[in-house]
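A quick write-up on the structure given underneath.
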Amino acid sequence: MTSDTTMTSDTTMTSDTTMTSDTTMTSDTTMTSDTTMTSDTSGTTGSTMTGTTEDLSSIEEGYKVAVLFDVTGRGDKSFNDAAAAGLDKAATDFGVDPTESTPSGDADRAARLDTAVQGGNQLVVAVGFLWTDTVGAAAPANPDTNFAIVDSVVEADNVASLVFAEEQGSFLVGAAAAL
């Protein structure tokens, strides 16, 4: 499995500042960020998202997807909730058969991932970098299962590593603060 990923970001920032002797200051700022991410199931692996993504039209009803949350599980208002929302939407919109699991700590990560694989899930999504070693060990041993890991990179043909370009948002916030 390989993925061809293109990410572009076009950012325009302008600032017009007028300062008069009576210390009135006005600032007009426009910040725009246009980002396009595309993936193809052929080609080479990109550095931001690696692995394979499937065309959604190929997902059949009953496609089994397991999401393995980090220890905080649903309700963390972060990565876990975003993954949960995606799983819920996939179940509603595409008829996937969802499974979810939250480990109590590092000791039961491998068992939970093994349960997801043995349960016949075609895609196992591990949320958070703490799953890195577990997914890294399981992926080569289970070549017929597709894996995805959020916020980490695992180099394997059947793993899509989902890493975000956090520095881009930070740059824009810093630039806006400097105005």
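What follows is calculated from the coordinates using simple rules that are stated; it is not laboratory data. Since this is a predicted model, take the numbers as computed values, not measurements. Neighbour counts run over all protein chains shown; Cβ positions are idealised from the backbone, glycine included.
Which net charge results for the neighbourhood of residue 85, defined as the other residues with beta-carbon distances under 14 angstrom from its beta-carbon, given Lys and Arg at +1 and Asp and Glu at -1? Display every interim value, and only then the final one.
Numbers: positive: 74, 77, 89; negative: 76, 81, 88, 93, 100.
Here the charged neighbours net out to -2.
Each of the peptides 95-106, 122-133 was scored by the mean count of other Cβ atoms within 10 Å over its residues; in descending order, highest first, they stand as 122-133, 95-106.
According to the square roots a ≥ b ≥ c of the eigenvalues of the Cα gyration tensor, what is the shape class of the stretch 59-170, taking rounded for a/c under 1.5, prolate for a/b larger than b/c otherwise, and oblate for the remainder? Rounded. Peptides 78-89, 61-72, ordered by how many other C-beta atoms sit within 10 Å of their residues on average, highest first, read 61-72, 78-89.
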